[in-house]
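Take a look at the structure set out below.
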Amino acid sequence: MTHQEARPPVRRRVVVAGLGDTGIQVVAALARHRRLLDVVGVGPKPGYLSGRHLGVRLARPARWEENHRIAFHRFRRLDDVRTIHGRLEAVDTRAREVEVLRADGSTTRHGYDILVVCTGVRDGLGRTPSIQDDAEIDLAFGLARAAVAAAPSLAVVGGGQTAVESAAQLAQAFPGKRVDLYFPGERALVHHHGRVWDHCRGELRRLGVGLHPGHRAELPPGQTGRLAPGPLRFRTGQAAVQADLVLYAVGRARPNTEWLPASMVDDAGFVRVDPELRVPGHDGIWAVGDVAASDPLRTTARNRGAQLLVHNVLATVRGRRRRRYTARDRRWGTVLHEIGTVMTVFTTTGRALRHSRTSQAFQERLLLRRVVHGGVRPSSCPGGTRSSRTR
């Protein structure tokens with residue numbers, strides 16, 4: 001073998017747009033292949049800030065922050081990754097560059113060989129595309145938690161997982177508070193197996209949550225946040241409800257794709273992808289997570305979509321065969337989160353798998369922190385080796 005033949009392969013620059021639930025998984029997995037890839041992550045928050053488990057975030061903030069708000073320097077696999085604190089403004093597909101508005105107000109351009117879009121969706125609390133520092137996040141979360149704690153009565157609106165979990169968690173955390181759940185159909189959790197709703201309905205009733213099927217809420221004009229004062233009005237003819245505070249969890253998530261050209265997105269603004277999670281007509285651009293229009297339920301955020309995308313990116317770089325994404329027609333996983341000392345995980349067939357608090361702690365340390373995130377340092381550790389690489 002000659003000297004030239006022994007040269008290492010040319011590293012490809014990968015820009016991961018969005019460092020939330022899916023983006024942090026993609027970055028952590030791609031960072032393992034530093035001989036092939038130079039990974040850069042861009043996100044509007046100063047660390048990993050999950051958009052999941054709104055009910056736990058409002059009811060038990062310290063418990064939620066253990067695994068869902070983590071400074072970047074604590075991720076071991078990010079030691080060789082440059083993170084940019086800023087918001088994506090535009091992409092030039094011909095020049096292969098993205099434009100970023102940084103936290104200091106300046107605008108920079110960054111070249112890419114591969115662009116992975118994980119910018120997710122916005123929902124009014126936590127999941128926003130706005131640039132924030134830790135103090136601003138603390139203030140927003142603190143105000144929301146204080147409003148929930150102070151309200152004698154709370155109406156939760158929506159029939160999806162976020163609404164059901166929020167009603168359960170808030171009723172559990174504030175046993176003296178009146179909590180009611182309003183949803184438009186005969187049952188909630190219509191994208192889960194019927195047995196899941198049967199189980200959750202029983203738990204909600206045990207926690208004292210009032211259940212109100214057949215109530216489609218009328219959203220206040222200009223309502224963009226999750227929380228608003230009552231009354232709660234309905235489009236289905238029922239009398240208005242005089243709740244002190246209303247938590248809207250009605251699935252009005254909007255994709256953070258204003259920075260992308262119209263050719264990349266569908267009519268609702270979600271990124272078009274093929275079965276391999278590539279963006280059609282745009283070489284080297286991929287999308288995954290809540291922002292990707294992979295299937296009607298956009299399931300790549302919770303169905304090993306990040307792992308499949310990483311496999312396909314590496315397969316492309318190495319000239320190997322890629323895999324196709326197979327969507328699930330039912331949602332699965334946790335719904336109510338931890339009730340008492342037990343967390344129940346549901347399969348797509350509605351089977352309930354119960355885990356004790358000891359089992360949960362083991363899974364969080366082993367599966368989430370070690371396997372999914374590739375190792376997380378203790379919260380007490382200092383800035384770490386990569387603090388100078390955060391820009």
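The values are calculated or read from the model by the stated rules, or taken from the named source; none is laboratory data. All of these numbers come straight from a predicted model, not from anything done at the bench. Neighbour counts are summed over all protein chains in view; Cβ atoms, including those assigned to glycine, are modelled from backbone coordinates with ideal geometry. Quick note on the areas: whole protein, heavy atoms, side chains included, nothing else; ligands and nucleic acids left out. Shrake-Rupley method; radii C 1.70, N 1.55, O 1.52, S 1.80 Å.
Which one of these is at positive phi, of a type outside the set (Val, Ile, Thr), open to solvent by 10 Å² or more (accessible area, probe 1.4 Å) and out of contact with any Phe, Trp or Tyr (no Cβ under 7 Å at 6 or more places or on another chain): Gly142, Gly105?
None of the other options fit; the residue is Gly105.
In the stretch 88-97, which residues are of a type outside the set (Gly, Ala, Ser) and either surrounded by fewer than 21 Cβ atoms within 10 Å (Cβ to Cβ) or touching a helix residue (DSSP H, G or I) at 6+ places or on another chain (Cβ under 8 Å) (or both)?
Glu89, Asp92, Thr93, Arg94, Arg96, Glu97
What single numbered condition from (1) touching a Pro at 6+ places or on another chain (Cβ under 9 Å); (2) open to solvent by 40 Å² or more (accessible area, probe 1.4 Å) fails to hold for Arg302?
All conditions are met except number (1).
Going by the structure shown, is Ala71 within 27 Å of Gly281 (Cβ to Cβ) and either free of Cβ contacts under 8 Å to residues at least 40 places away in the same chain or surrounded by fewer than 22 Cβ atoms within 10 Å (Cβ to Cβ) (or both)?
For Ala71, the condition - within 27 Å of Gly281 (Cβ to Cβ) and either free of Cβ contacts under 8 Å to residues at least 40 places away in the same chain or surrounded by fewer than 22 Cβ atoms within 10 Å (Cβ to Cβ) (or both) - is not met.
State all residues of the stretch 199-212 that are touching a residue at least 60 places away in the same chain (Cβ under 8 Å) and open to solvent by 30 Å² or more (accessible area, probe 1.4 Å); if no residue qualifies, say none.
If the condition is that a residue be touching a residue at least 60 places away in the same chain (Cβ under 8 Å) and open to solvent by 30 Å² or more (accessible area, probe 1.4 Å), then His199, Glu203, Leu207 are the ones that fit.
Going by what's in this entry, would Val246 be described as of a type in the set (A, V, I, L, M, F, W, C) and under 17 Å from Gly51 (Cβ atoms)?
So Val246 does not fit the description; no.
Quick grid of which residues meet (1) open to solvent by 20 Å² or more (accessible area, probe 1.4 Å); (2) of a type in the set (Phe, Trp, Tyr); (3) touching a residue at least 40 places away in the same chain (Cβ under 8 Å); (4) part of a loop (DSSP other than H, G, I, E, B):
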position: Val15; (1), (2), (3), (4): no, no, yes, no
position: Leu19; (1), (2), (3), (4): no, no, yes, yes
position: Ala29; (1), (2), (3), (4): yes, no, yes, no
position: Arg32; (1), (2), (3), (4): yes, no, yes, yes
position: Gly41; (1), (2), (3), (4): no, no, yes, no
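When you check Gly176 against the structure, is it over 22 Å from Gln238 (Cβ atoms), surrounded by fewer than 24 Cβ atoms within 10 Å (Cβ to Cβ) and over 25 Å from the mean Cα position of the chain (by Cα), yes or no?
In short, yes.
Which residues, counting only those in the stretch 145-167, are surrounded by 16 or more Cβ atoms within 10 Å (Cβ to Cβ), in a helix (DSSP H, G or I) and more than 20 Å from the chain's Cα centre (by Cα)?
Ala147, Val148
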